[in-house]
Amino acid sequence: MKLLSRLQELIGIKWVTLPAVSAAELEQAKANDWQYLYVFIQAYYRHVRPETPETRMDKFSNAACILILFNVLYGEVTNGGFIQLIQNGYGPHLFETPLAKDLAGWGASDLAELVNHAKRIYQAHREYLERQRTIPEFSALYQDFQEFVPLENRFYDIIDGQTAIVRAHVEQHIAQFAQIEE
């Protein structure tokens, strides 16, 4: 195994074994974009258990990594906004990766633009935003960084349509995301 890892490192190619996803599960989930995508996300969690997919990106294809980051973005923004996302340590995962570029390539250009806008705020204040804080200091960040509010509002306005676009991309390129079992 060490030899394979060293070979991958030397030639810059990442070999991954994609997790299996049941065709029947996908069929059951087809009526809802998030349920459909979640079939893949659940498979990614099972694939690296007890760790989490976002901490083991080396175990996934590039396409699967973008889907994992899309899920992180959604979960963090809907539960506490960009401030929470950054304070939970996901800033580098989302803003120092090709997430926005790949989302745009998948057709989710509105979301890519929003991520790039948040990235500019993050990069301008990264050290300050990532600093460990007490709960009151964390809460104060929401007042200090009001520039995230319009982005979060826009996120809610566009996320359903952008999720449909991401789902369509996954369906059209399914072999990049999982092995489908009949």
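The values are calculated or read from the model by the stated rules, or taken from the named source; none is laboratory data. Since we're looking at a predicted model, the values are computed, not measured. Positions of Cβ are generated from backbone atoms using ideal geometry, with glycine treated the same way; all protein chains shown enter the neighbour counts.
In table form, for the structure just shown:
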read-out: Criterion: surrounded by fewer than 19 Cβ atoms within 10 Å (Cβ to Cβ) and at pLDDT below 95 - qualifying residue of L18, L4; value: L4
read-out: Looking only at region 46-59, and only at residues there that are loosely packed, with under 15 Cβ neighbours inside 10 Å and in a helix (DSSP H, G or I), the one that is nearest to the chain's Cα centre (by Cα); value: T55
read-out: A31 vs. criteria surrounded by 14 or more Cβ atoms within 10 Å (Cβ to Cβ) and either touching a residue at least 60 places away in the same chain (Cβ under 8 Å) or not β-branched (V, I, T) (or both); value: no
read-out: Residue among A100, A43, A104 that is under 25 Å from L18 (Cα atoms) and modelled with pLDDT under 95; value: A43
read-out: Flag if Y128 is farther than 23 Å from F70 by Cβ, aromatic (F, W, Y) and free of Cβ contacts under 8 Å to residues at least 24 places away in the same chain; value: yes
read-out: Search result, residues across region 169-178 that are of a type outside the set (D, E) and exposed (fewer than 15 other Cβ atoms within 10 Å of the Cβ); value: Q172, H173, A175
read-out: Every residue from region 137-182 that is among the charged types (D, E, K, R) and outside any helix (DSSP H, G or I); value: E147, E181, E182
read-out: Matching option when the condition is outside any helix (DSSP H, G or I) and of a type in the set (G, A, S), among A43, A31, A63; value: A31
read-out: Pairs where the first residue, in region 88-115, is buried (at least 16 other Cβ atoms within 10 Å of the Cβ) and the second is in a helix (DSSP H, G or I) and aromatic (F, W, Y), C-beta under 8 Å, 6+ apart; value: G91/Y122; F95/Y122; L99/F70; L103/F70; L111/F155; L114/F155; V115/F95
read-out: Any hit, region 121-138, residues being closer than 27 Å to Y38 by Cα and either at pLDDT below 95 or buried (at least 17 other Cβ atoms within 10 Å of the Cβ) (or both); value: no
read-out: Boolean, Y142 is in contact (Cβ under 8 Å) with a residue 24 or more places away in the chain, under 24 Å from Q42 (Cα atoms) and of a type outside the set (G, A, S); value: no
read-out: Residues that are more than 16 Å from L94 (Cα to Cα) and either outside any helix (DSSP H, G or I) or of a type in the set (D, E) (or both), drawn from region 108-136; value: R131, Q132, R133, T134
read-out: So E152, is it touching a residue at least 60 places away in the same chain (Cβ under 8 Å), among the acidic types (D, E) and surrounded by 12 or more Cβ atoms within 10 Å (Cβ to Cβ); value: yes
